[in-house]
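Enquirer: One structure, pasted below without further comment.
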Amino acid sequence: MNIKTIQISSLPGIEDFYSKYWNKKPFFVKNALPRDILDDLITADELAGLSLEEDIRSRIVYSKNWKCEHGPFNEDKFYELGEEGWSLLVQDVEKNHPPTKKIIDVFTFSPCWLIDDVMVSYSTPGGGVGPHLDSYHVFLIQGIGRRQWKVGREKIENEKYIPDLDIKVLADDFDGEVIEVDEGDVLYIPPYFAHSGKTIEESLTFSLGYLGPTISELLGEYAQFIEEQDLINQRYDGDQLDKNSAGDKISAKEVENFREKLKAALNSDQFEKWLNYYFKKND
């Protein structure tokens with residue numbers, strides 16, 4: 001497998017993206033981001049500044065031993081780190097540095113409503129977070145600097161991790177392709193495709209993560225919504241109970257009755273209203 005098997009000439013159109021790539025296979029595009037977007041992205045110094053704040057999720061990963069430290073950090077920390085072998089990762093950058101949110105405009109062919117956040121990593125030569133895989137889709141956009149990525153050829157199942165580490169690092173090597181990225185390059189990686197990045201020269205990497213909610217999260221949030229709206233939140237009154245539900249036993253018929261009441265709540269037009277609200281709220 002050589003680089004031509006995943007390199008395409010430009011970002012895909014909507015039809016090709018969903019039919020050929022989404023949840024199917026990685027792709028790589030050279031010079032995908034326009035200069036005006038790149039020029040507005042957060043700088044390394046601004047990223048370090050965010051990591052000093054209490055309400056910002058940040059961490060530093062050391063590639064020598066995969067140790068991970070969580071922020072907030074103090075300014076002196078960055079004078080102690082040295083010039084090689086570490087990475088600073090900051091979550092939700094688009095919420096705290098609005099110009100960086102413009103990067104999402106390049107990816108309107110994707111389901112932008114599923115984007116969880118824009119995570120940005122500053123990495124020194126030799127820095128990285130180790131070979132790993134994610135349970136979500138990700139676009140890796142290279143800002144300043146150069147990095148080398150190894151990307152797996154297929155999804156990995158039943159992965160094994162090195163025990164007793166601060167972060168999840170795959171225990172076994174994986175079969176893949178090596179790609180060198182420069183400023184403006186884009187790499188798409190579907191869920192469960194192993195990948196590993198290593199920094200060649202100090203760089204910024206912008207990660208768009210597409211993270212869908214769990215069923216429990218959806219049900220919990222929808223339950224709260226219908227309670228607040230108080231439109232379809234009728235109390236169960238047992239109007240169809242019979243002798244088969246006497247004592248501690250719930251009859252099969254009544255189990256089905258509960259199921260139908262829950263289905264009715266999901267089939268209500270309130271569910272569509274809430275779902276649009278839910279993803280806009282998490283935008």
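Enquirer: Pick out, in residue order, every one of the chymotrypsin sites (Phe, Trp or Tyr not before Pro) in the range 179-283 that is DSSP loop and has at most 11 other C-beta atoms within 10 Å; say none if there are none. Mind showing how you got there, number by number?
Expert: Details: sites: Tyr188, Tyr192, Phe193, Phe206, Tyr210, Tyr222, Phe225, Tyr236, Phe258, Phe271, Trp274, Tyr277, Tyr278, Phe279; in loops: Tyr192, Tyr236.
Taking the range 179-283 and a limit of 11 other Cβ atoms within 10 Å, the loop chymotrypsin sites (Phe, Trp or Tyr not before Pro) found are Tyr236.
Enquirer: Loop only per DSSP, at most 10 neighbouring Cβ atoms within 10 Å: give me the GluC sites (Glu not before Pro) in the range 81-146, ordered by residue number. Provide the component values of the computation, followed by the final result.
Expert: Values: sites: Glu83, Glu84, Glu94; in loops: Glu83, Glu84.
Loop-located and lightly packed - Glu83.
Enquirer: Looking only at Glu69, Glu272, Glu46, which one moves most when the chain is put into a Gaussian network model with springs between Cα atoms under 10 Å?
Expert: In the Gaussian network model the winner is Glu272.
Enquirer: Follow-up. Sort the following peptides by mean Cβ neighbour count (other Cβ atoms within 10 Å, averaged over residues), highest first: 173-183, 135-145. Each step should come with its number before you reach the end.
Expert: Numbers: 173-183: 15.9, 135-145: 20.5.
In descending order of packing, they fall as 135-145, 173-183.
Enquirer: Now, a different point. Per DSSP helix of 4 or more residues, -39500 (n - 2.57); summed, then divided by the residues of the chain. What does that give at 222 nm, rounded to the nearest 500? Before the final figure, lay out the partial values.
Expert: Values: 7 runs with 65 residues, N = 283.
Mean residue ellipticity, 222 nm, calculated: -6500 deg cm²/dmol.
Enquirer: Next up: With charges only on Cβ, +1 for K and R and -1 for D and E, what is the dipole size of the range 216-281 about its Cα centre, in debye, rounded to 20?
Expert: Result for the range 216-281 is approximately 140 debye, rounded to the nearest 20.
Enquirer: Another one. Name the residue farthest towards the positive end of the dipole of the range 3-210 from the options Ala44, Val61, Ser10, assuming +1 on Cβ of Lys and Arg, -1 on Cβ of Asp and Glu, about the Cα centre.
Expert: Of Ala44, Val61, Ser10, it is Ser10.
Enquirer: Let me ask something additional. Would you mind working out the magnitude of the charge dipole of the range 12-116 relative to its Cα centre, with +1 at each Lys and Arg C-beta and -1 at each Asp and Glu C-beta, to the nearest 20 Debye?
Expert: It comes to approximately 740 debye.
Enquirer: Quick query: amide H of Arg57 versus all other amide H atoms, modeled in the peptide plane; which residues come in under 5 Å with a sequence gap of 5 or more or a different chain?
Expert: For Arg57, whose amide H was placed from the backbone, the distant partners under 5 Å are Gln91.
Enquirer: Can you check what the net charge comes to around Glu183, using other residues whose Cβ is under 10 Å from the Cβ of Glu183 (Lys, Arg +1; Asp, Glu -1)?
Expert: 0
Enquirer: Angle check, please: helix 269-281 long axis (alpha carbons) against the longest principal axis of the chain (alpha carbons), in degrees 0 to 90, nearest 10.
Expert: Helix 269-281 and the main axis of the chain meet at about 20 degrees.
Enquirer: About its Cα centre, what dipole magnitude does the chain give when the only charges are +1 on Lys and Arg Cβ and -1 on Asp and Glu Cβ, stated in debye to the nearest 20? Walk me through the numbers on the way to the answer.
Expert: Details: 32 positive and 52 negative charges, 203 e Å.
With Lys and Arg at +1 and Asp and Glu at -1, about 980 debye.
Enquirer: Turning to a different aspect of this structure: Nearest 0.05, what FRET efficiency do Glu46 and Ala223 give at R0 = 35 Å with Cβ-Cβ as r?
Expert: Working: r = 40 Å, r/R0 = 1.13.
Result of the calculation: an efficiency of 0.30.
Enquirer: What's the extension gain from Asp55 to Val178 if we count 0.36 nm per residue and subtract their Cα-Cα distance?
Expert: Numbers: separation 123, 0.36 × 123 = 44.28 nm, distance 3.64 nm.
So the chain would gain 40.6 nm between Asp55 and Val178.
Where a number appears in this text, it was derived from the coordinates with a stated rule and is not lab data. Since the structure is predicted, the reported quantities are computational estimates derived from the model, not experimental observations. Counting neighbours? That spans all protein chains shown, and the Cβs are built from the backbone with ideal geometry, glycine included.
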